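*Asks:* Okay, handing you the structure first.
The values are calculated or read from the model by the stated rules, or taken from the named source; none is laboratory data. What you are looking at is a predicted structure, and each value in this text was computed from that prediction instead of being measured. FYI the Cβ positions are ideal-geometry reconstructions off the backbone, even for glycines, and counts take in every protein chain you see.
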Amino acid sequence: MNPNNPLRDRLASGPLLVVPGAANALTARIVEDMGFEAAYITGAGIANTFLGAPDIGLLTLSELAAHVTAIRDATTFPLIVDADTGFGNAVGVTRTVRVLERAGADAIQIEDQVMPKKCGHFDDKRLVPAAEMIGKIHAAVDTRDDRTVVIARTDAVATEGLDAAVDRAARYAEAGADVTFVEAPQSAADLLSIPSRLAVPQVVNLVEGGRTPMMSLTDLSEFRIALFANAALQAAARGVQRVLAVLRSTGSLEAAKDDLAGWEERQRLVGKSHYDELERTYARAERHA
């Protein structure tokens, strides 16, 4: 494997990598600015923020790729991209991998639900046969640049039980997935048993209000990636509600100041000083032309 992906080294050496979700470039910049080592480009988050819709498979590949491109342009750290079911069969996965690599993905996650998929913490999920998912993994591995990490997610806990989910994950690893992700185990005991049962690095997804119990990172040290896929989105939604409630009830933002990023902080987060310097540089060049 080409070692030029820092995410590969990090997953091999540990310790647990805490990865917040980001649905847009501003959130990803904040994640990087706060010192996190990677961001998870969340399909659910993009569906919620861009479409104003739930995570039920409505997002298209072109919409996802446009978001990844913008986020890559705004950040320098690794991006783990949620590609849902891969946007088609195994042949479709080959295109998905090429498109998302060009957009800037360092890791691509594919799951084994039927299309249209549902959020891993929703009811009534349906899975494709394991053999079909294995074909998608082979397609992803055969297509990818060697540096790209392939993550295979299974939602089988909800439909077939934990043992079947672990069996699927093992088969996905055998097919070439670098990392596997058993989504939504519903007890601490089930969750903590997963890493010792599988030979490749594991993902845990910690969703406030979701089906997997929220646990301390210390307890989850045998995992390699801890996703907080919705934390920033939930915080943003709650912050907007608080500030607009104050504005509606008082006609002023005075009582909401503590919930607002200041003007200077907002400009810092979007790198305005960098663009100011570019403007000065090219203005000097024009004067000397």
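*Asks:* From E222, E208, which residue is modelled with pLDDT under 95 and either in the same structural domain as V157 (by TED's automatic domain parsing) or not basic (K, R) (or both)? First the steps, then the outcome.
*Replies:* Numbers: E222 fails: modelled with pLDDT under 95.
So the residue among E222, E208 that is modelled with pLDDT under 95 and either in the same structural domain as V157 (by TED's automatic domain parsing) or not basic (K, R) (or both) is E208.
*Asks:* I would also like to ask the following. R197 - would you say it is within 19 Å of C119 (Cβ to Cβ) and either over 16 Å from the mean Cα position of the chain (by Cα) or of a type in the set (G, A, S) (or both)?
*Replies:* no
*Asks:* Does E160 meet the test of being in contact with a Lys or Arg (Cβ under 6 Å, 6 or more places away or on another chain) and either in the same structural domain as A47 (by TED's automatic domain parsing) or not aliphatic (A, V, I, L, M) (or both)?
*Replies:* Numbers: in contact with a Lys or Arg (Cβ under 6 Å, 6 or more places away or on another chain): no; either in the same structural domain as A47 (by TED's automatic domain parsing) or not aliphatic (A, V, I, L, M) (or both): yes.
No.
*Asks:* Identify all residues within segment 104-135 that are aliphatic (A, V, I, L, M), in a loop (DSSP other than H, G, I, E, B) and under 19 Å from N205 (Cβ atoms); write none if there are none.
*Replies:* The one that is aliphatic (A, V, I, L, M), in a loop (DSSP other than H, G, I, E, B) and under 19 Å from N205 (Cβ atoms): A105.
*Asks:* Also, I was wondering about something else. I'm trying to understand the selection: among the residues of segment 220-279, which are of a type in the set (D, E, K, R), touching a residue at least 60 places away in the same chain (Cβ under 8 Å) and part of a helix (DSSP H, G or I)?
*Replies:* Applying the first criterion (of a type in the set (D, E, K, R)) to segment 220-279 yields 222, 224, 238, 242, 248, 254, 257-259, 264-266, 268, 272, 276-277, 279.
Those left that are additionally touching a residue at least 60 places away in the same chain (Cβ under 8 Å): 224.
Within segment 220-279, no residue meets the criteria.
*Asks:* Can you spot a residue in segment 170-184 that is touching a Pro at 6+ places or on another chain (Cβ under 9 Å) and among the small types (G, A, S)?
*Replies:* Just the residues of segment 170-184 that are touching a Pro at 6+ places or on another chain (Cβ under 9 Å), to begin with: 178-180.
Now drop any that are not among the small types (G, A, S), which leaves none.
Within segment 170-184 (the criterion being touching a Pro at 6+ places or on another chain (Cβ under 9 Å) and among the small types (G, A, S)), the answer is no, since none of the residues qualifies.
*Asks:* Contact list please: Cβ distance under 6 Å, first residue in segment 60-83 and among the polar types (S, T, N, Q), second residue outside any loop (DSSP other than H, G, I, E, B), pairs at least six apart or on different chains.
*Replies:* What qualifies is T69/A103; T75/A28; T75/E32.
For every residue, the table says whether it meets (1) of a type in the set (G, A, S); (2) closer than 25 Å to T27 by Cβ.
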position: A173; (1), (2): yes, no
position: T180; (1), (2): no, no
position: L233; (1), (2): no, yes
position: K257; (1), (2): no, yes
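*Asks:* Step by step: first the residues of segment 141-182, then only those that are modelled with pLDDT of 95 or more, of a type in the set (V, I, T) and part of a helix (DSSP H, G or I), then the one that is surrounded by the most Cβ atoms within 10 Å (Cβ to Cβ). Which residue is that?
*Replies:* Once the filter is applied, the top-ranked residue is V157.
*Asks:* Take the residues of segment 101-140 that are closer than 28 Å to A70 by Cα, among the aliphatic types (A, V, I, L, M) and crowded, with 17+ Cβ neighbours inside 10 Å: which is farthest from the chain's Cα centre (by Cα)?
*Replies:* The extreme case among them is A139.
*Asks:* Among the candidates R197, R268, which residue alone is within 30 Å of A107 (Cα to Cα) and assigned by TED's automatic domain parsing to the domain that holds A165?
*Replies:* One residue alone meets the criteria, R197.
*Asks:* Sticking with this one: So if I check each of D146, D124, D112, which one is charged (D, E, K, R), within 15 Å of G176 (Cβ to Cβ) and out of contact with any helix residue (DSSP H, G or I) (no Cβ under 7 Å at 6 or more places or on another chain)?
*Replies:* Exactly one of D146, D124, D112 is charged (D, E, K, R), within 15 Å of G176 (Cβ to Cβ) and out of contact with any helix residue (DSSP H, G or I) (no Cβ under 7 Å at 6 or more places or on another chain), namely D146.
*Asks:* Further, regarding this structure: Report whether or not L191 is farther than 18 Å from I110 by Cβ, modelled with pLDDT of 95 or more, more than 19 Å from the chain's Cα centre (by Cα) and buried (at least 19 other Cβ atoms within 10 Å of the Cβ).
*Replies:* It is true that L191 is farther than 18 Å from I110 by Cβ, modelled with pLDDT of 95 or more, more than 19 Å from the chain's Cα centre (by Cα) and buried (at least 19 other Cβ atoms within 10 Å of the Cβ).
*Asks:* Of (1) touching a Phe, Trp or Tyr at 6+ places or on another chain (Cβ under 9 Å); (2) closer than 24 Å to D146 by Cα; (3) crowded, with 23+ Cβ neighbours inside 10 Å, A28 satisfies all except one. Which?
*Replies:* Exception for A28: condition (2).
*Asks:* Right, another one. What number of residues in segment 183-217 are acidic (D, E) and not in a helix (DSSP H, G or I)? Full working, then the answer.
*Replies:* Of all residues in segment 183-217, those acidic (D, E) come to 183, 190, 208.
This time we only want the ones that are not in a helix (DSSP H, G or I), so: 183, 208.
Qualifying residue count for the region: 2.
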